[in-house]
Ligand SMILES: Cc1ncc(C[n+]2csc(CCOP(=O)(O)OP(=O)(O)O)c2C)c(N)n1
Ligand code: SF4
Ligand code: SF4
Ligand code: SF4
C-alpha cells in the first residue's frame, strides 16, 4: 500500500517471518508498544508484534534488531512505498 | 536511504541467494551483535554512496558468510589474515573502500600479528573488530579477550590469570602505535551506546573515503549462544561484566589533523613482475636449443654442500639460464635445521611442463659438494639419474651402481684459477657439458643477471669453460 500524503503517525512494521524472537526490540522500546506474540513463526520463534499504536518512530527497536529486514520504522510524515 | 524510514539497507541483498536454507534471514543466532553491526555498516555504505567501491573482507568465525548479505565486493579469507588481504587490495586498488571485518578469535588470537603489522604500517583501511569475548563459531572456546573468571568450553572453571593471562585489549595496544589515526571502542548495548557505534562506523569509513589512514573500531557485542544466556540477559551481562574490563573510549583520533594522502599504487602487471624477477621477455627466450638425451631431460636437481661454496648461487644460475633456454624453472633453497651445521642445499627443476611443486624429493640429479651432502642425498637419487660430486673434498665415491657418476676435482680446479669459491661454476660447466642440457652461451648470457659483481664475470666464464673441458676430456659427451 502506498499513500499520497505523509503518514499522520509513526508506526513500526515487523516481518514476523524474519523475526528470531530475541526480544531486544521489546526491551528497547521506550513507549512499550512492542510485545512477544503467543504464536510461533516458521522458524519456531515467538515473533515480536506491535500493539498497533503509540509508536513514536524513535527507531530504537530498529537499531537493536539484528535481522536486517525484520523491522521497518516509518516516521511521522513519511511518504512512499511501504514494506509488506 | 529515503528519509523518515528505517528499513533494510539497499547495501544488503534483497534475497540471500548464496545462503542455504531461508534466503531472507541471516544465519546468525537470535540476539547476535554481528547482525546489528552489519546493519550499521550497510546503512553507512548506502548513505555514503560507496557500494560500488566497497570491498568487504570476511574472516573466519561466525561472520565468515558476510558475503551472503552485503551487496558489495566480497572476499572471504583465511583465519586472521583479513588485514593482510586488505593491505593487498587497498594498495592495488587505492580507489576502493576496504573493510576488514573480524571477530576476536580471528583478530586477537590467530591474526594478532597481522592486525598489529597492518596498523603499524598505517594501511588505509577500516577495521571493524567484533569483540564478543569468545570463539562463537566453534562453540564457545576461550578467546584472548575472554574475561577473568569467564567460563568457556576451554576454561570450564573460569579463565584465570595464572593459566591464561589477562584479556588482550586491542584498542589499548593499537593506540600505542604511531600510524593509526582513529581507534575507538564502542558497545552494542542500549540504544544510546548503539548510536555511538553507528557514529564510529561512519567515522571510520569517512576516514578512508577521505584517504586519511588506518581506522580501528572495536565493537563489544553479544554472543548469547556462546555465553549460554538469553539475548536480553546477554545485554545485561555486557553492561555488568564486559564494559568494566573493556572501557569505552576514543583511544586515539588524529583524523582531523591528518592530511589526506595517497600511497603510490602497486601495479601487478606481467611486465613489472618480469622486470622484478629478471624474467626474460618472450623474444629473448631461446627456442633453438636441441633437447638433451632422454635421461637428461626435465631434470629435478638437488644441489648441496657447505655454506660458502656458492650452492644457492649455483642453483640460481642454473634456473636463470634454464629460463633463458625456454624451460619452466623453479629454485627453492632448503633451510633445514642442518643450516646450523653450515650445510646448504637447494632444489632446482627445469621442465618443459609447468611445475607443480618446487620441492624435489626424488632428484634425477644430485650435485654433492661435500661428504655429508653425498651421504644425505645419495639414496634419494632416481635410478638412472646422475650424481656429480667434488672429488677434492669427497674422498669416497658414491655406492650406488644404478646411477651415472661424474667426479670432478672442482675445488682444486677453482684453486688453480685463484679462487676456490668459483668451484660452483666449474660444476655448472661440467653439468651442461655432461648432459647437453643447454649450450655455454645461454649460461654466459645469464651470468650478468645473477652475478652482482660485474668484474667477476670473466672469471666465472673461465670456470664454466674449465668444467666443460674437464668433461670433454674425461668422459666425452654423454
Ligand atoms: C586456520 C584455522 N584455525 C582454526 C579454525 C577454527 N575456527 C573457526 S572460527 C574460529 C574462532 C572464531 O572466533 P571469533 O573470531 O571470535 O569469531 P566469532 O565466531 O565469535 O564471531 C576458529 C578457531 C579455522 N577455521 N581455521
Ligand atoms: S520506533 Fe521506537 S517507539 Fe516505535 S516501536 Fe520502535 S522502539 Fe518503540
Ligand atoms: S529485535 Fe528483531 S529479531 Fe529480535 S524480537 Fe525484535 S524483531 Fe524479532
Ligand atoms: S555463536 Fe555467537 S557470534 Fe556466532 S552467530 Fe551465534 S550469537 Fe553470534
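The condition of being at positive phi and within 12 Å of ligand 2 (Cβ to nearest atom) does not hold for residue A:80. Here residue A:72 meets the list (1) touching a helix residue (DSSP H, G or I) at 6+ places or on another chain (Cβ under 8 Å); (2) within 7 Å of another protein chain (Cβ to nearest Cβ); (3) assigned to a loop (DSSP other than H, G, I, E, B) almost entirely, failing just condition (3). Look at the stretch B:270-297: where a residue is on the phi < 0 side of the Ramachandran plot and a partner is part of a loop (DSSP other than H, G, I, E, B) and loosely packed, with under 13 Cβ neighbours inside 10 Å, sitting 6+ places away or on another chain with Cβ atoms under 8 Å, you get B:274/B:281; B:295/B:384; B:297/B:291; B:297/B:352.
What's the number of the only condition in (1) facing chain B (nearest Cβ under 10 Å); (2) free of Cβ contacts under 8 Å to residues at least 40 places away in the same chain; (3) not in a loop (DSSP other than H, G, I, E, B) that residue A:42 fails to meet? Here residue A:42 clears every test but (3).
Being under 31 Å from the mean Cα position of the chain (by Cα) and in the same structural domain as residue B:320 (by TED's automatic domain parsing) is not true of residue B:421.
Is it the case that residue B:104 is more than 16 Å from ligand 2 (Cβ to nearest atom), within 14 Å of chain A (Cβ to nearest Cβ) and either on the phi > 0 side of the Ramachandran plot or touching a residue at least 40 places away in the same chain (Cβ under 8 Å) (or both)? No: the conditions fail for residue B:104.
Every residue, every condition in (1) in a strand (DSSP E or B); (2) more than 11 Å from every other protein chain (Cβ to nearest Cβ); (3) buried (at least 19 other Cβ atoms within 10 Å of the Cβ); (4) in contact with a helix residue (DSSP H, G or I) (Cβ under 6 Å, 6 or more places away or on another chain), yes or no:
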{"site": "B:19", "(1), (2), (3), (4)": "no, yes, no, yes"}
{"site": "B:31", "(1), (2), (3), (4)": "no, no, yes, yes"}
{"site": "B:38", "(1), (2), (3), (4)": "no, no, yes, no"}
{"site": "B:86", "(1), (2), (3), (4)": "no, yes, yes, no"}
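Listed conditions (1) surrounded by fewer than 19 Cβ atoms within 10 Å (Cβ to Cβ); (2) at pLDDT 95 or above; (3) within 11 Å of ligand 3 (Cβ to nearest atom) are all met by residue A:53, apart from (3). Only one entry in B:45, B:50 is buried (at least 21 other Cβ atoms within 10 Å of the Cβ) and either more than 17 Å from residue B:221 (Cβ to Cβ) or more than 9 Å from chain A (Cβ to nearest Cβ) (or both), namely B:45. You will find that of B:398, B:363, B:383, the residue that is over 19 Å from residue B:314 (Cα atoms), in the same structural domain as residue B:309 (by TED's automatic domain parsing) and crowded, with 16+ Cβ neighbours inside 10 Å is B:398 and no other.
Can you spot a residue in the stretch A:6-17 that is out of contact with any strand residue (DSSP E or B) (no Cβ under 6 Å at 6 or more places or on another chain), assigned to a helix (DSSP H, G or I) and more than 14 Å from ligand 2 (Cβ to nearest atom)? For the stretch A:6-17, residues out of contact with any strand residue (DSSP E or B) (no Cβ under 6 Å at 6 or more places or on another chain), assigned to a helix (DSSP H, G or I) and more than 14 Å from ligand 2 (Cβ to nearest atom): present. Screening residue B:198 against (1) farther than 25 Å from residue B:232 by Cα; (2) surrounded by fewer than 23 Cβ atoms within 10 Å (Cβ to Cβ); (3) touching a residue at least 40 places away in the same chain (Cβ under 8 Å) leaves a single unmet condition, (1).
Screening B:221, B:175 for residues that are surrounded by 19 or more Cβ atoms within 10 Å (Cβ to Cβ) and either within 16 Å of ligand 2 (Cβ to nearest atom) or more than 13 Å from chain A (Cβ to nearest Cβ) (or both) leaves exactly one candidate, B:175.
Pull out all pairs, ordered by first then second residue, where Cβ-Cβ is under 6 Å, the residues are six or more apart or on different chains, the first lies in the stretch A:13-30 and is within 8 Å of chain B (Cβ to nearest Cβ), and the second is assigned to a helix (DSSP H, G or I) and within 16 Å of ligand 1 (Cβ to nearest atom). Short answer, once both residue conditions are applied: A:22/B:231; A:24/B:231.
The values are calculated or read from the model by the stated rules, or taken from the named source; none is laboratory data. Here the structure is a predicted model, which means the values were calculated and not measured. Note that we place each Cβ from the backbone using ideal geometry, even for glycine, and neighbour counts take in every protein chain shown.
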